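The values are calculated or read from the model by the stated rules, or taken from the named source; none is laboratory data. These numbers come from a predicted model, not from an experiment. Backbone-built Cβ (ideal geometry, glycine too); neighbour counts: all protein chains shown. These accessible areas exclude ligands, DNA and RNA; they are computed on the full protein's heavy atoms, side chains included. Shrake-Rupley method; radii C 1.70, N 1.55, O 1.52, S 1.80 Å.
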Amino acid sequence: MIKTTRRTALSMFAATAIGLVTAAGLSTAAQAADAIKIGILSLTSHSPSIIAEGKGYFTEQDLDVEFVSFQAAQPMAIAIASGDIDFGMTAISGGLISLAEKGAVRIIGGALQETPEISGQKILASKAAYDAGLTSPDKLAGHTFGVTTPGSSFHYMAHKIADKSGFDRSELKITPMQKVPAVIAALKSGQIDAWSIVPNIAGALTKGPEVVEIGKVSDYIDNYQVTTVFTSTKNVTENRDLVTRFLAGLSKGIADYNAALVDKTMSADEVAEITGMVHKYVYADQPIEKAGPRIAAGAMRINEGAKLNIASVEDQLAWFQSEKLAPEGVTMADLVDTSFVESY
Amino acid sequence: MSLDATNEIETRTRRNTSDLQQSRKGLVKPVPFRGGGFVHTRHRLIAPLLFVVLVILWEVGSQTGFISNIALPAPSEAAGAMSDLFETGMIWKHLSASLYRLVIGWSLGSLIGVFVGLAIALFSLVRAGVSPFISALFPIPKIALLPLFIIWFGIGEGSKVATILFGVFFPTVIATYGGVDNVDRNLIRMGQSFGLSWMSIVRKIIIPGALPAILSGFRISASIAIILLVAAEMIGAEYGIGAYILMAGALFATDQLIAGVAMLSVLGLTVGWLISRAERLLLSWRA
Amino acid sequence: MELILDHVSHSYGDVEVLSDISLSVGSGEIVCIVGPSGCGKSTLLRILGGLEKPDHGAALIAGEPPSDSLNPLTYVFQDFALLPWRTVEGNISLVLEDHSVRKDKARAIITDVLARTKLSEFANAWPRQLSGGMKQRVAIARALSVNPAVMLMDEPLSALDSQTRELLMDDLIELWGQVGFSACYITHNLAEAVRLGHRIVMLSRRPGKIREIVDIDIPLSERINHPAETSAIQRRLWEAMRDEARAADRELSDVA
């Protein structure tokens with residue numbers, strides 16, 4: 001039993017206070033780490049930050065990380081604009097560009113990218129539409145195509161498919177469903193004809209009888225930079241050091257992620273360790289035996305060192321503007337800060 | 001009677017209050033006035049004036065940067081978005097799509113609602129059987145049922161109209177049977193005593209008697225219909241004010257968002273005005 | 001035609017309100033029923049008109065009602081019971097529509113009863129625009145329009161102020177002189193009873209029993225000229241009723 005009189009408590013308090021003051025005065029190394037908040041979605045593509053945190057790569061950079069979960073990409077971008085979180089990772093959307101135009105957020109790196117050698121996003125058709133002749137993406141003209149919202153990455157993919165297949169964009173009937181589960185329900189029940197989605201969801205869907213895979217997104221969009229890393233403009237201008245340290249930590253997490261789940265160069269034990277970390281946030285409602293394979297199935301390559309494919313971002317921005325889904329005045333400089341990572 | 005006497009009476013009657021105050025200095029004072037106030041006087045110009053002042057303040061705040069561009073777009077930007085809508089003619093596409101859903105959904109919901117409400121009020125068997133269901137289903141947010149509506153009615157116009165219809169149905173039922181319950185029983189007894197048929201009593205006494213309650217129910221259900229429009233147009237709507245607002249939200253185009261909300265507001269005011277007209281027409285007997 | 005109550009008793013739950021009442025209303029006769037409050041007068045009237053079924057005994061009709069009578073037993077209510085959403089004319093046509101009296105015929109009847117009740121210029125007025133006395137005139141006009149064999153009048157003047165009541169009493173007497181209607185007239189006001197009743201039936205307090213029946217021979221139109229006789233009758237009735245009225249007043253009421 002610890003007995004503390006008021007006097008000893010006081011003296012202890014005084015000692016601690018003096019200790020703190022001296023520590024602060026003496027060295028920056030002993031300083032409390034910078035607290036940052038990272039927004040994540042419960043998707044495998046958000047694993048790198050989770051791995052970086054789990055392996056202590058952020059602690060190495062003197063960052064104290066807190067994860068904030070979101071249901072969709074759009075609120076994450078708004079939360080960065082409002083200062084509730086510091087970093088996020090999502091697809092480029094009309095909302096993100098609009099916030100960049102208002103000087104609130106900036107893209108600082110690249111993440112998920114379509115590459116020909118890795119199984120990427122799939123183009124799906126409902127069984128009914130497939131049976132009626134929709135057997136490949138270039139036959140999509142005149143069909144309904146599910147998107148979450150106008151100006152989402154799904155919308156972009158749909159139009160890119162139309163462009164490459166050589167039919168007019170307006171021949172695709174873009175059908176907004178707001179949420180991914182709603183798109184899934186509509187596709188399964190045949191209320192929409194087609195959709196495109198990341199491989200793990202696509203895989204789960206095509207196992208059932210209602211949905212058929214008809215193509216790959218990578219065949220229609222070259223080196224599509226699907227998601228990017230972004231932060232607030234304030235961090236970019238005033239806290240460059242913090243951003244650099246975050247990207248350094250994240251890069252190590254990305255390397256581990258690619259090695260463990262995409263290239264599969266790690267030992268089984270290491271993979272299990274990493275899957276365990278990711279499982280805390282992704283498919284957390286399922287047991288690890290079930291979640292493990294699903295996490296692995298959803299793994300698409302994430303650019304080493306958060307490299308950014310500028311050409312793809314430019315193409316996306318141009319598309320948003322051509323469809324009047326983003327303000328005309330936005331320039332690449334408004335949207336992207338290329339000074340942090342290698343870009344190509 | 002002397003001349004003096006008549007004079008005296010005249011002067012006494014002619015003396016007014018000010019004379020009294022003069023002649024009895026200090027003893028007579030007016031009863032303190034304690035009435036007044038608590039009366040509604042009509043000020044027609046106040047609301048528009050206040051609105052204009054608020055918009056000007058808002059514009060100035062936005063121009064000077066006091067109101068952040070992210071927090072709220074300037075009214076001039078919202079007006080710009082609105083004029084874009086007019087220029088491209090998109091406003092008519094959005095409006096006609098929304099009005100179609102509103103009119104069909106609200107009319108059907110009101111019609112069925114009035115019938116069910118009357119049935120509940122008039123037949124105790126129906127009341128015993130149906131009214132618990134109404135009470136149980138009324139508080140369910142119809143938005144929560146949207147996924148089911150999509151399976152039942154498809155992602156086309158069906159689910160949109162159904163969302164509005166269900167939202168309108170329940171308050172109409174409740175307003176109707178509440179209105180019938182409040183019809184003066186003596187009037188019904190009067191009808192019976194004059195040998196009026198059951199149908200005549202319903203048609204000539206009960207329905208007109210419940211009409212004020214039904215019409216104020218319409219006022220509420222029309223607002224609910226407009227509120228539900230945004231929810232109804234969440235799924236698979238290419239055009240419509242709700243779809244426009246949702247798209248503006250997704251694109252974080254706050255100027256369009258405000259323009260869309262303003263359209264809903266104007267729609268609400270118009271509907272309110274129409275119902276006031278209907279009330280004045282149908283309830284002219286109330287003065 | 002004669003309307004008869006034959007040994008009628010009635011209870012609401014445990015409370016007996018009417019006990020063994022027999023009376024009749026003959027053709028062209030006004031029977032006034034008086035009694036202290038809560039003696040079951042209104043129940044009696046509802047039973048007479050077939051709006052309520054007595055526990056024991058029966059309300060009977062002797063003889064055929066006149067063939068042109070659309071609604072032989074017609075009420076006039078204390079609260080007028082006019083539809084506020086119909087004009088004076090509309091309120092009268094309401095009761096004609098259901099007896100398939102339409103257009104010219106209905107118009108003729110309405111014009112006639114409005115003239116009789118001195119309402120011709122108010123045909124298009126809304127009930128809310130009318131005073132209480134005028135509203136009751138409309139209700140009486142409405143009752144006359146169906147040419148009733150017996151009018152069942154439930155305290156028709158009680159909601160009115162005393163001056164209006166006087167005026168309406170004069171009108172009723174004048175109307176009786178023209179039409180000669182029969183009526184069962186319920187009131188707690190003895191002055192009304194002695195002015196309007198050919199016969200006055202006095203009920204005791206709950207349960208209502210017949211205490212006394214008084215026939216007044218003086219013709220209705222002459223009564224104003226015989227103040228001594230009428231006030232003597234009124235005084236006698238009051239003497240008989242006073243104690244009952246006092247007791248009734250002090251009673252706790254559980255039935256409305």
Expressed as a rounded percentage, what relative contact order does the range B:157-286 have, with Cα pairs under 8 Å and six or more residues apart?
27
Show that you can apply the helix-only estimate: for chain C, add -39,500 (n - 2.57) for every DSSP H stretch of four or more residues, divide by all residues, and state [θ] at 222 nm to the nearest 500.
-11500 deg cm²/dmol
Output the Kirkwood hydrodynamic radius of the range B:144-251, Cα pairs only, in Å rounded to one decimal.
16.2
Relative contact order of chain A, please, whole-number percent, based on alpha carbon pairs below 8 angstrom and at least 6 residues apart.
26
Beyond 32 Å, what share of the Cα-Cα pairs of chain A is found? Please give it as a whole percent.
35
Share of accessible surface on carbon and sulfur in chain C, whole %, 1.4 Å probe and ligands ignored, is 48
Just C:ASP14, C:ASP171, C:ASP161 to compare: in a GNM of chain C, with alpha carbon springs under 10 Å, which one fluctuates most?
C:ASP14
Accessible-area ranking of A:TYR156, A:TYR344, A:TYR57, A:TYR281, largest first, probe 1.4 Å
A:TYR344, A:TYR281, A:TYR57, A:TYR156
For the range B:239-282, what is the convex hull (Cα atoms) projected area averaged across all directions, in square nanometres?
3.2
Just the accessible area for A:GLU289, please: 1.4 Å probe, Å², rounded to the nearest 10?
140
Order by accessible surface, 1.4 Å probe, largest leading, for residues A:GLU66, C:GLU2, A:GLU117 comes to A:GLU117, A:GLU66, C:GLU2
Sorted by accessible area with a 1.4 angstrom probe, largest first, how do C:ARG250, A:ARG240, C:ARG206 fall?
C:ARG250, A:ARG240, C:ARG206
Which Cα, out of A:SER218, A:VAL330, A:THR244, lies furthest along the positive dipole direction of chain A (beta carbon charges, K/R +1, D/E -1)?
A:THR244
Computed over chain B, Cα set: Rg, Dmax in Å:
29.9, 106
Compute the orientation-averaged projected area for chain C from the convex hull of its Cα atoms and round it to one decimal in nm².
14.0
Size-normalised alpha-carbon gyration radius of the range C:82-148, reference 2.2 N^0.38 Å
0.98
What 222 nm value per residue comes from the helices of chain A, counting each DSSP H run with n ≥ 4 as -39,500 (n - 2.57) and dividing by all residues, nearest 500 deg cm²/dmol?
-12500 deg cm²/dmol
I'd like the accessible area for B:LEU269, computed on protein heavy atoms only with a 1.4 Å probe and all protein chains in place. Round to 10 Å², please.
130
Projected-area mean, the range A:122-219, by convex hull of Cα positions, square nanometres:
5.2
Quick one: angle between helix A:6-26 and the longest Cα principal axis of chain A, in degrees between 0 and 90, rounded to 10, please.
60
To the nearest 10 Å², what's A:MET266's accessible area with a 1.4 Å probe?
40
Please report, in whole Å³, the volume per residue of the convex hull around the C-alpha atoms of the protein assembly as shown.
393
Residue by residue through C:72-80, how many Cβ atoms from other chains fall within 10 Å of the Cβ on average?
3
Averaged over A:150-159, how many beta carbons belonging to a partner chain fall within 10 Å of each residue's beta carbon?
2
Give me the one-decimal Kirkwood hydrodynamic radius in Å for the range A:196-344, with the sum taken over alpha-carbon pairs.
18.0
With springs only between Cα atoms under 10 Å, which of A:LYS264, A:LYS173, A:LYS290 fluctuates most in a Gaussian network model of chain A?
A:LYS290
Could you tell me how far the Cα centroid of the range C:49-121 sits from the Cα centroid of the range A:131-202, in Å?
72
Most fluctuating residue given options A:GLN71, A:GLN121, A:GLN113, as computed from a GNM of chain A linking Cα atoms under 10 Å:
A:GLN71
In percent, what relative contact order does the range C:82-148 have, based on Cα pairs under 8 Å that are 6 or more apart in sequence?
48
Shielding of B:232-238 by partner chains, average beta-carbon count, 10 Å
5
Just going by the charge dipole of the range C:82-148, with Lys and Arg at +1 and Asp and Glu at -1 on Cβ, which of C:ALA139, C:VAL113, C:VAL101 is farthest out on the positive end?
C:ALA139
What ratio of Cα Rg to 2.2 N^0.38 Å holds for the range C:152-229?
1.12
Alpha-carbon gyration tensor eigenvalues x 5, square-rooted, for the range C:110-256, Å
29, 19, 14
Rg(Cα) / (2.2 N^0.38 Å) computed for the range C:1-99, rounded to two decimals:
1.24
Interface burial for B against A (accessible surface, 1.4 Å probe, total of both chains, Å², rounded to 100)
1600
Determine the distance separating the Cα centre of the range B:163-215 from the Cα centre of the range C:172-192; give it in Å without decimals.
35
How big is the C-B contact in terms of buried accessible area, both chains counted, 1.4 Å probe, rounded to the nearest 100 Å²?
1900
